[in-house]
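Novice: Please find one structure pasted underneath; my questions will follow.
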Protein chains: 2
Amino acid sequence: MNLKALHKLGYGLYVVTSRKGDRLNGQIANSVFQITSEPPTIAVSINKNNLTWEFIKESQVFAVSVLSQDTPLSFIGRFGFKSGRDIDKLEGLNYQIGQTKAPVVTDHAVSYLEAKVIKEMDVGTHTIFVGEVASAEVLNEKACMTYDYYHQVKRGTIPKTAPSYIGEEGSKNKT
Amino acid sequence: MNLKALHKLGYGLYVVTSRKGDRLNGQIANSVFQITSEPPTIAVSINKNNLTWEFIKESQVFAVSVLSQDTPLSFIGRFGFKSGRDIDKLEGLNYQIGQTKAPVVTDHAVSYLEAKVIKEMDVGTHTIFVGEVASAEVLNEKACMTYDYYHQVKRGTIPKTAPSYIGEEGSKNKT
(Lines give C-alpha, C1' and ligand atoms only; values in the text may rest on other atoms or scores of the structure.)
Protein backbone atom coordinates (compact mmCIF):
# COMPACT_ATOMS: atom_id res chain seq x y z
CA MET A 1 0.00 0.00 0.00
CA ASN A 2 1.41 3.37 -1.03
CA LEU A 3 -0.49 6.18 0.62
CA LYS A 4 1.19 8.70 -1.66
CA ALA A 5 -1.72 7.77 -3.94
CA LEU A 6 -3.73 10.13 -1.73
CA HIS A 7 -1.52 13.03 -2.80
CA LYS A 8 -2.85 12.69 -6.33
CA LEU A 9 -6.34 13.77 -5.31
CA GLY A 10 -7.15 17.31 -6.49
CA TYR A 11 -8.37 20.18 -4.33
CA GLY A 12 -8.76 23.93 -4.26
CA LEU A 13 -7.65 26.12 -1.36
CA TYR A 14 -10.12 27.97 0.83
CA VAL A 15 -10.61 30.06 3.94
CA VAL A 16 -13.50 28.57 5.94
CA THR A 17 -14.94 30.96 8.54
CA SER A 18 -17.56 30.84 11.27
CA ARG A 19 -18.62 32.57 14.45
CA LYS A 20 -19.48 31.76 18.05
CA GLY A 21 -21.40 34.55 19.73
CA ASP A 22 -19.36 37.68 19.02
CA ARG A 23 -16.18 35.80 18.23
CA LEU A 24 -15.13 35.29 14.61
CA ASN A 25 -12.58 32.85 13.26
CA GLY A 26 -11.42 31.13 10.11
CA GLN A 27 -8.95 28.54 8.86
CA ILE A 28 -7.41 27.20 5.67
CA ALA A 29 -9.12 24.13 4.23
CA ASN A 30 -8.77 22.14 1.04
CA SER A 31 -11.77 19.82 1.44
CA VAL A 32 -14.71 21.90 0.22
CA PHE A 33 -17.02 20.50 -2.43
CA GLN A 34 -20.49 20.76 -3.84
CA ILE A 35 -22.74 17.84 -2.99
CA THR A 36 -26.16 18.55 -4.52
CA SER A 37 -27.64 21.12 -6.89
CA GLU A 38 -31.27 20.94 -5.77
CA PRO A 39 -30.99 22.54 -3.28
CA PRO A 40 -27.39 23.74 -3.61
CA THR A 41 -25.35 22.20 -0.81
CA ILE A 42 -21.66 22.20 -0.02
CA ALA A 43 -19.61 20.09 2.38
CA VAL A 44 -16.49 20.94 4.37
CA SER A 45 -14.28 18.56 6.34
CA ILE A 46 -12.90 20.15 9.52
CA ASN A 47 -10.51 18.78 12.15
CA LYS A 48 -12.17 18.57 15.56
CA ASN A 49 -9.14 20.17 17.25
CA ASN A 50 -9.59 23.40 15.30
CA LEU A 51 -11.33 26.41 16.79
CA THR A 52 -13.34 26.81 13.59
CA TRP A 53 -14.80 23.34 14.17
CA GLU A 54 -16.03 24.51 17.60
CA PHE A 55 -17.54 27.65 16.05
CA ILE A 56 -19.36 25.78 13.26
CA LYS A 57 -20.58 23.17 15.74
CA GLU A 58 -22.06 25.93 17.89
CA SER A 59 -23.44 28.39 15.30
CA GLN A 60 -24.26 25.86 12.54
CA VAL A 61 -23.15 28.34 9.88
CA PHE A 62 -19.97 28.72 7.85
CA ALA A 63 -18.61 30.68 4.93
CA VAL A 64 -16.07 29.65 2.30
CA SER A 65 -13.78 32.07 0.45
CA VAL A 66 -12.22 30.60 -2.69
CA LEU A 67 -8.61 31.86 -2.80
CA SER A 68 -6.99 33.26 -5.93
CA GLN A 69 -3.77 31.76 -7.26
CA ASP A 70 -1.85 34.92 -6.36
CA THR A 71 -2.76 34.77 -2.66
CA PRO A 72 0.41 35.53 -0.64
CA LEU A 73 1.80 32.66 1.40
CA SER A 74 1.74 35.00 4.43
CA PHE A 75 -2.05 35.22 4.15
CA ILE A 76 -2.35 31.45 3.93
CA GLY A 77 0.04 31.14 6.88
CA ARG A 78 -2.11 33.44 8.98
CA PHE A 79 -5.16 31.23 8.50
CA GLY A 80 -3.39 27.91 8.21
CA PHE A 81 -0.65 27.84 10.79
CA LYS A 82 -1.88 30.02 13.61
CA SER A 83 -4.75 29.47 16.01
CA GLY A 84 -7.67 31.77 16.63
CA ARG A 85 -7.12 30.90 20.29
CA ASP A 86 -3.94 33.03 20.15
CA ILE A 87 -4.70 35.79 17.65
CA ASP A 88 -7.68 37.52 16.04
CA LYS A 89 -7.15 36.17 12.55
CA LEU A 90 -9.54 38.66 10.94
CA GLU A 91 -7.96 41.79 12.41
CA GLY A 92 -6.94 44.23 9.69
CA LEU A 93 -8.47 42.17 6.88
CA ASN A 94 -11.39 42.97 4.60
CA TYR A 95 -14.42 40.93 5.47
CA GLN A 96 -18.16 41.38 5.69
CA ILE A 97 -20.78 39.88 7.96
CA GLY A 98 -22.94 37.71 5.74
CA GLN A 99 -26.61 36.76 5.76
CA THR A 100 -25.85 33.86 8.10
CA LYS A 101 -23.83 36.24 10.35
CA ALA A 102 -20.68 34.31 9.49
CA PRO A 103 -17.75 36.53 8.50
CA VAL A 104 -16.96 36.40 4.78
CA VAL A 105 -13.29 37.12 3.99
CA THR A 106 -13.03 39.04 0.70
CA ASP A 107 -9.25 39.65 0.59
CA HIS A 108 -7.67 37.41 -2.07
CA ALA A 109 -11.06 35.77 -2.71
CA VAL A 110 -12.35 34.88 -6.18
CA SER A 111 -15.78 33.92 -4.91
CA TYR A 112 -17.50 33.11 -1.66
CA LEU A 113 -20.33 30.93 -0.38
CA GLU A 114 -22.23 31.01 2.89
CA ALA A 115 -24.06 27.97 4.20
CA LYS A 116 -26.29 26.79 7.01
CA VAL A 117 -25.48 23.31 8.31
CA ILE A 118 -28.19 20.76 7.52
CA LYS A 119 -26.28 17.56 8.30
CA GLU A 120 -23.02 16.50 9.84
CA MET A 121 -21.06 13.26 9.96
CA ASP A 122 -18.49 12.30 12.59
CA VAL A 123 -15.47 10.67 10.93
CA GLY A 124 -13.00 10.17 13.77
CA THR A 125 -10.60 13.12 13.85
CA HIS A 126 -12.80 15.18 11.50
CA THR A 127 -16.43 16.18 10.99
CA ILE A 128 -17.98 16.61 7.56
CA PHE A 129 -20.44 19.50 7.75
CA VAL A 130 -22.98 19.71 4.91
CA GLY A 131 -24.57 23.13 4.48
CA GLU A 132 -27.30 24.55 2.30
CA VAL A 133 -25.98 27.55 0.41
CA ALA A 134 -27.49 30.77 1.80
CA SER A 135 -25.58 33.30 -0.27
CA ALA A 136 -22.96 33.14 -3.00
CA GLU A 137 -21.06 35.68 -5.07
CA VAL A 138 -18.32 35.76 -7.67
CA LEU A 139 -15.91 38.63 -6.92
CA ASN A 140 -13.55 38.44 -9.90
CA GLU A 141 -12.34 36.14 -12.65
CA LYS A 142 -8.82 35.55 -11.36
CA ALA A 143 -7.34 32.03 -11.54
CA CYS A 144 -8.16 29.98 -8.45
CA MET A 145 -5.50 28.53 -6.18
CA THR A 146 -5.22 24.76 -6.28
CA TYR A 147 -3.75 22.73 -3.46
CA ASP A 148 -1.23 21.29 -5.90
CA TYR A 149 -0.13 24.74 -7.07
CA TYR A 150 0.22 25.90 -3.48
CA HIS A 151 2.55 22.99 -2.71
CA GLN A 152 4.58 23.59 -5.90
CA VAL A 153 5.16 27.20 -4.87
CA LYS A 154 6.13 26.16 -1.36
CA ARG A 155 8.55 23.55 -2.71
CA GLY A 156 10.04 26.14 -5.04
CA THR A 157 9.22 24.19 -8.20
CA ILE A 158 7.43 27.26 -9.53
CA PRO A 159 10.32 29.72 -10.09
CA LYS A 160 10.34 33.24 -8.71
CA THR A 161 10.53 34.56 -12.24
CA ALA A 162 7.13 33.08 -13.12
CA PRO A 163 4.39 35.72 -13.45
CA SER A 164 2.41 33.89 -10.83
CA TYR A 165 5.18 33.71 -8.23
CA ILE A 166 3.70 34.43 -4.84
CA GLY A 167 6.60 35.98 -2.94
CA GLU A 168 8.79 34.91 -0.08
CA GLU A 169 7.19 36.48 2.92
CA GLY A 170 5.38 33.33 3.91
CA SER A 171 7.92 30.77 2.81
CA LYS A 172 8.97 29.96 6.34
CA ASN A 173 5.53 28.62 7.11
CA LYS A 174 5.44 24.91 7.80
CA THR A 175 2.67 22.56 6.74
CA MET B 1 -27.01 34.99 -4.96
CA ASN B 2 -24.74 33.92 -7.81
CA LEU B 3 -24.37 30.15 -7.85
CA LYS B 4 -21.52 30.45 -10.34
CA ALA B 5 -19.47 30.85 -7.15
CA LEU B 6 -19.76 27.05 -6.93
CA HIS B 7 -17.85 26.72 -10.20
CA LYS B 8 -14.77 28.16 -8.52
CA LEU B 9 -14.40 25.13 -6.24
CA GLY B 10 -11.48 22.92 -7.28
CA TYR B 11 -11.62 19.19 -7.99
CA GLY B 12 -9.74 16.38 -9.65
CA LEU B 13 -11.35 13.90 -12.05
CA TYR B 14 -11.78 10.24 -11.19
CA VAL B 15 -13.28 6.92 -12.20
CA VAL B 16 -15.12 5.46 -9.21
CA THR B 17 -15.83 1.74 -9.52
CA SER B 18 -17.66 -0.94 -7.55
CA ARG B 19 -19.26 -4.33 -7.91
CA LYS B 20 -22.53 -6.09 -7.15
CA GLY B 21 -22.16 -9.86 -7.18
CA ASP B 22 -20.44 -10.61 -10.48
CA ARG B 23 -21.37 -7.32 -12.08
CA LEU B 24 -18.77 -4.56 -12.31
CA ASN B 25 -19.35 -0.88 -13.03
CA GLY B 26 -17.79 2.54 -12.76
CA GLN B 27 -18.52 6.21 -13.35
CA ILE B 28 -16.80 9.58 -13.58
CA ALA B 29 -16.76 11.61 -10.37
CA ASN B 30 -15.11 14.82 -9.28
CA SER B 31 -16.01 14.72 -5.57
CA VAL B 32 -13.34 12.47 -4.05
CA PHE B 33 -11.32 13.68 -1.09
CA GLN B 34 -9.31 12.51 1.86
CA ILE B 35 -11.04 12.97 5.21
CA THR B 36 -8.71 11.56 7.88
CA SER B 37 -5.12 10.30 8.03
CA GLU B 38 -5.43 8.01 11.07
CA PRO B 39 -6.79 5.75 9.72
CA PRO B 40 -6.65 6.90 6.09
CA THR B 41 -10.20 7.50 4.88
CA ILE B 42 -11.60 8.93 1.67
CA ALA B 43 -15.08 10.15 0.79
CA VAL B 44 -16.97 10.07 -2.49
CA SER B 45 -20.26 11.76 -3.32
CA ILE B 46 -22.43 9.69 -5.66
CA ASN B 47 -25.82 10.44 -7.24
CA LYS B 48 -28.48 7.98 -6.11
CA ASN B 49 -29.70 7.49 -9.68
CA ASN B 50 -26.37 6.06 -10.78
CA LEU B 51 -25.78 2.33 -11.07
CA THR B 52 -22.46 2.73 -9.24
CA TRP B 53 -24.40 4.08 -6.25
CA GLU B 54 -26.46 0.87 -6.19
CA PHE B 55 -23.29 -1.22 -6.41
CA ILE B 56 -21.50 0.62 -3.58
CA LYS B 57 -24.64 0.50 -1.45
CA GLU B 58 -24.77 -3.27 -1.89
CA SER B 59 -21.10 -4.29 -1.73
CA GLN B 60 -19.87 -1.50 0.58
CA VAL B 61 -16.62 -1.25 -1.37
CA PHE B 62 -15.35 1.12 -4.04
CA ALA B 63 -12.18 1.98 -5.91
CA VAL B 64 -10.99 5.33 -7.21
CA SER B 65 -8.68 5.78 -10.20
CA VAL B 66 -7.09 9.23 -10.42
CA LEU B 67 -7.08 10.21 -14.10
CA SER B 68 -4.08 11.69 -15.87
CA GLN B 69 -4.35 15.04 -17.65
CA ASP B 70 -3.92 13.33 -21.04
CA THR B 71 -6.93 11.04 -20.58
CA PRO B 72 -8.91 11.05 -23.88
CA LEU B 73 -12.34 12.65 -23.76
CA SER B 74 -13.73 9.43 -25.27
CA PHE B 75 -12.60 7.52 -22.17
CA ILE B 76 -14.24 10.09 -19.90
CA GLY B 77 -17.36 9.95 -22.06
CA ARG B 78 -17.57 6.19 -21.70
CA PHE B 79 -17.64 6.43 -17.91
CA GLY B 80 -19.41 9.76 -17.62
CA PHE B 81 -22.15 9.82 -20.18
CA LYS B 82 -23.20 6.21 -20.60
CA SER B 83 -24.92 3.90 -18.14
CA GLY B 84 -23.72 0.53 -16.96
CA ARG B 85 -27.35 -0.51 -17.36
CA ASP B 86 -26.82 -0.33 -21.14
CA ILE B 87 -23.18 -1.28 -21.70
CA ASP B 88 -20.36 -3.13 -19.91
CA LYS B 89 -18.19 -0.10 -19.27
CA LEU B 90 -15.10 -2.16 -18.39
CA GLU B 91 -15.12 -4.31 -21.53
CA GLY B 92 -11.81 -4.05 -23.36
CA LEU B 93 -10.16 -1.90 -20.69
CA ASN B 94 -7.25 -2.70 -18.42
CA TYR B 95 -8.40 -3.28 -14.89
CA GLN B 96 -7.60 -5.56 -11.98
CA ILE B 97 -9.74 -7.01 -9.24
CA GLY B 98 -8.50 -5.44 -6.03
CA GLN B 99 -8.27 -6.62 -2.45
CA THR B 100 -11.82 -5.47 -1.81
CA LYS B 101 -12.94 -7.29 -5.01
CA ALA B 102 -13.81 -3.94 -6.55
CA PRO B 103 -12.47 -3.49 -10.10
CA VAL B 104 -9.55 -1.06 -10.28
CA VAL B 105 -9.26 0.69 -13.66
CA THR B 106 -5.59 1.22 -14.54
CA ASP B 107 -5.97 2.74 -18.04
CA HIS B 108 -5.14 6.48 -17.89
CA ALA B 109 -4.72 6.24 -14.12
CA VAL B 110 -1.98 8.04 -12.20
CA SER B 111 -2.84 6.33 -8.93
CA TYR B 112 -5.64 4.33 -7.39
CA LEU B 113 -7.24 3.75 -4.00
CA GLU B 114 -9.57 1.03 -2.79
CA ALA B 115 -11.82 1.54 0.20
CA LYS B 116 -14.33 -0.24 2.41
CA VAL B 117 -17.33 1.87 3.42
CA ILE B 118 -17.36 2.71 7.14
CA LYS B 119 -19.99 5.47 7.11
CA GLU B 120 -22.48 7.00 4.77
CA MET B 121 -24.59 10.15 4.80
CA ASP B 122 -27.80 10.71 2.86
CA VAL B 123 -27.81 14.20 1.34
CA GLY B 124 -30.96 14.28 -0.80
CA THR B 125 -30.05 13.41 -4.38
CA HIS B 126 -26.60 12.13 -3.34
CA THR B 127 -24.94 9.90 -0.76
CA ILE B 128 -21.52 10.64 0.69
CA PHE B 129 -19.75 7.32 1.23
CA VAL B 130 -16.73 7.40 3.57
CA GLY B 131 -14.35 4.47 3.15
CA GLU B 132 -11.24 3.29 4.95
CA VAL B 133 -8.44 2.85 2.45
CA ALA B 134 -7.71 -0.86 1.89
CA SER B 135 -5.10 -0.56 -0.84
CA ALA B 136 -3.40 2.28 -2.67
CA GLU B 137 -0.75 2.56 -5.38
CA VAL B 138 0.92 5.23 -7.45
CA LEU B 139 1.23 4.07 -11.07
CA ASN B 140 3.17 6.94 -12.66
CA GLU B 141 4.12 10.57 -12.17
CA LYS B 142 2.01 12.07 -14.96
CA ALA B 143 0.14 15.30 -14.33
CA CYS B 144 -3.33 14.70 -12.90
CA MET B 145 -6.51 15.84 -14.61
CA THR B 146 -8.35 18.63 -12.85
CA TYR B 147 -12.04 19.26 -13.33
CA ASP B 148 -11.20 22.80 -14.43
CA TYR B 149 -8.72 21.59 -17.06
CA TYR B 150 -11.25 19.07 -18.35
CA HIS B 151 -13.81 21.85 -18.88
CA GLN B 152 -11.24 24.09 -20.55
CA VAL B 153 -10.42 21.34 -23.03
CA LYS B 154 -14.10 20.68 -23.68
CA ARG B 155 -14.74 24.39 -24.21
CA GLY B 156 -11.79 24.56 -26.57
CA THR B 157 -9.95 27.19 -24.52
CA ILE B 158 -6.91 24.89 -24.48
CA PRO B 159 -5.76 24.95 -28.12
CA LYS B 160 -5.13 21.83 -30.15
CA THR B 161 -1.53 22.90 -30.56
CA ALA B 162 -0.88 22.69 -26.83
CA PRO B 163 1.28 19.70 -25.86
CA SER B 164 -1.45 18.56 -23.51
CA TYR B 165 -4.28 18.71 -26.06
CA ILE B 166 -6.49 15.68 -25.57
CA GLY B 167 -7.90 15.02 -29.03
CA GLU B 168 -11.25 15.36 -30.66
CA GLU B 169 -12.72 11.91 -30.49
CA GLY B 170 -14.76 12.62 -27.39
CA SER B 171 -15.59 16.24 -28.04
CA LYS B 172 -19.15 15.45 -28.97
CA ASN B 173 -19.85 14.24 -25.44
CA LYS B 174 -22.27 16.42 -23.56
CA THR B 175 -22.05 17.18 -19.84
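Novice: State the volume of the convex hull built on the alpha-carbon positions of chain B, expressed per residue in Å³ and rounded to an integer.
Specialist: 131
Novice: While we're looking at this one, here's another question. With a Förster radius of 35 Å, plug the Cβ-Cβ distance of B:D88 and A:I118 into 1/(1 + (r/R0)^6) and report the FRET value to the nearest 0.05.
Specialist: 0.40
Novice: Kindly write out, for the stretch A:115-127 in residue order, the coupling ³J(HN,Hα) from the Karplus curve 6.51 cos²θ - 1.76 cosθ + 1.60 (θ = phi - 60°), rounded to whole Hz, with x marking Gly and Pro.
Specialist: The phi angles translate into 8, 9, 5, 10, 8, 9, 10, 7, 10, x, 6, 10, 10 Hz.
Novice: Mean separation of Cα pairs under 8 Å and 6+ residues apart, divided by the residue count of chain A: what relative contact order is that in percent?
Specialist: 27
Novice: Given the rule -39500 (n - 2.57) for each run of at least 4 DSSP H residues, summed and divided by the residues of chain B, what is its mean residue ellipticity at 222 nm, to the nearest 500 deg cm²/dmol?
Specialist: The helix-only estimate for chain B comes to -4000 deg cm²/dmol at 222 nm.
Novice: Which distances, shortest first and in nm, link B:K116 to the matching position in the other copies, using label points set 7 Å out along Cα to C-beta?
Specialist: 4.0
Novice: At B:P72, with labels set 7 Å past Cα in the Cβ direction, how many nm apart are the copies from this one, shortest first?
Specialist: Once sorted, the set of distances for B:P72 reads 4.9 nm.
Novice: I need the fraction of alpha carbon pairs in the stretch A:93-144 separated by more than 14 Å, rounded to a whole percent.
Specialist: Every Cα pair in the stretch A:93-144 considered, those over 14 Å come to 60 percent.
Novice: Please compare each pair in A:K8/B:K101; A:K119/B:K20; A:K57/A:K119 to a cut-off of 18 Å on the Cα-Cα distance and tell me which ones are over it.
Specialist: Violating the 18 Å limit, Cα to Cα: A:K8/B:K101; A:K119/B:K20.
Novice: In the stretch B:1-88, how does Rg compare with the Kirkwood Rh, expressed as the Rg/Rh ratio over alpha carbon atoms? Present the calculation step by step, with values, prior to reporting the outcome.
Specialist: Numbers: Rg = 14.2 Å, Rh = 14.2 Å.
Here Rg/Rh amounts to 1.00.
Novice: In debye to the nearest 20, how big a dipole does the protein assembly as shown give about its Cα centre with +1 on each Lys and Arg Cβ and -1 on each Asp and Glu Cβ?
Specialist: The dipole of the protein assembly as shown has a size of about 80 debye.
Novice: Tell me the total accessible area that B and A bury against each other, 1.4 angstrom probe, in square angstrom rounded to 100.
Specialist: Protein heavy atoms only, the B-A interface buries about 3800 Å².
Novice: List the residues, sorted by chain then number, that are 5 or more residues from A:A102 or on another chain and whose placed amide H is less than 5 Å from its amide H.
Specialist: Distant-sequence amide H within range of A:A102: zero hits.
Novice: If exposed trypsin sites (Lys or Arg not before Pro) are those in a DSSP loop with at most 11 other Cβ within 10 Å, what is the longest stretch of chain B that has none?
Specialist: B:1-84
Novice: Here's another thing I want to ask about it. Multiply the residue separation of B:E58 and B:D70 by 0.36 nm, subtract the distance between their alpha-carbon atoms, and state the gained length in nm to one decimal.
Specialist: Extra length from B:E58 to B:D70 when fully extended: 1.0 nm.
Novice: Could you identify the residue of A sitting closest to the A-B rotation axis by Cβ and state that distance rounded to whole angstrom?
Specialist: Axis-proximal residue of A, distance in whole Å: A:M121, 2.
Novice: Label point 7 Å out from A:L3 along Cα-to-Cβ: which residues of the stretch A:45-86 have amide N under 20 Å?
Specialist: A:45-50
Novice: Moving to a separate point now. Long-range amide H contacts for B:I118: which residues qualify at under 5 Å (H placed 1.01 Å from N, peptide plane, sequence gap of 5 or more or a different chain)?
Specialist: Those lying under 5 Å, H to H, from B:I118 are B:V130, B:G131, B:E132.
Novice: Does a label point 7 Å from the Cα of A:A143, set along Cα-to-beta-carbon, have any residues of the stretch A:95-133 with amide nitrogen under 18 Å, and which are they?
Specialist: Label zone hits: A:108-111.
Novice: Between B:M145 and residues 5 or more places away or on another chain, which pairs have amide H atoms under 5 Å apart, with H built 1.01 Å from N, and which residues are they?
Specialist: When sequence neighbours closer than 5 places are left aside, the close amide H contacts are B:L13, B:L67, B:S68, B:Q69.
Novice: Run through the other copies and list how far each one's label point is from that of A:D22, in nm with one decimal, shortest first; the point sits 7 Å from Cα along Cα-Cβ.
Specialist: Listed shortest first, these distances are 7.0 nm.
Novice: Which ³J(HN,Hα) values, rounded to whole Hz and listed in residue order, are derived for the stretch B:131-140 from phi using the Karplus coefficients 6.51, -1.76 and 1.60 in 6.51 cos²θ - 1.76 cosθ + 1.60 with θ = phi - 60°, glycine and proline given as x?
Specialist: Per-residue couplings from phi come out as x, 7, 5, 9, 7, 7, 9, 9, 9, 6 Hz.
The values are calculated or read from the model by the stated rules, or taken from the named source; none is laboratory data. Values in this document were obtained by computation on a predicted structure and should not be read as measured data. Note that we place each Cβ from the backbone using ideal geometry, even for glycine, and neighbour counts take in every protein chain shown. We work out accessible area using only protein heavy atoms, side chains counted, and drop any ligands, DNA or RNA first. Shrake-Rupley method; radii C 1.70, N 1.55, O 1.52, S 1.80 Å.
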